[in-house]
Amino acid sequence: MESIDDLLAQIKSEYQEKDNPGQQKKQPPAKRENAIEPKLPNLPPPTKSRQKSFSPTSHEDALLSQIKAEFAEQDQAEELKRQQQIKEEKIRQERIKQQQREALKKEAEAWLKKLNPRSSEGLWFEEFAYSYSSKLEAAIDYLQALKETQS
């Protein structure tokens, strides 16, 4: 997508070409080493009356302002769309995290039922779970850490 400045420069050059049809861009021919160039007579530089300067009218100004506003509106719409996509992705990631947590909760409940509190693992877990609000929360974190280390 071209920038607004590029589009404005293009529009300006088009108007200048319309105002000055005789002044088309001509590229000089390639020089040959052995070619003889004819001498052109010295012509006086073009006068200001022949050259028309570009002075936009209020209609052109309004048109350019409208184009700028359309581009700004389009950019704003794209930015809002991008922000919405980011927000939706965060929500989706949060749902996945909650589903994984629920699955771990069920595993933790089953693990706690099987845990022998008098075993070395059971005694260690009692000490580990001391700082948690519940043994279930501690078991969830413990199982999650185990899965992360095994991956």
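Numerical summary
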read-out	value
Breaking point among (1) exposed (fewer than 15 other Cβ atoms within 10 Å of the Cβ); (2) of a type outside the set (A, V, I, L, M, F, W, C); (3) at pLDDT 90 or above; (4) out of contact with any Gly (no Cβ under 8 Å at 6 or more places or on another chain), for residue 135	(1)
Test: residue in region 125-143 that is assigned to a helix (DSSP H, G or I) and among the basic types (Lys, Arg)	yes
Members of region 109-124 that are outside any loop (DSSP other than H, G, I, E, B) and of a type in the set (D, E, K, R)	109, 113, 114, 121
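Residues checked against (1) aromatic (Phe, Trp, Tyr); (2) at pLDDT below 90; (3) surrounded by 10 or more Cβ atoms within 10 Å (Cβ to Cβ):
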residue	(1), (2), (3)
9	no, yes, yes
29	no, yes, no
34	no, yes, no
38	no, yes, no
69	no, no, yes
104	no, no, yes
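The values are calculated or read from the model by the stated rules, or taken from the named source; none is laboratory data. In this text the structure is predicted, and so the values were computed from the model without any measurement. All Cβ positions, glycine included, derive from the backbone under ideal geometry; neighbour counts span all protein chains shown.
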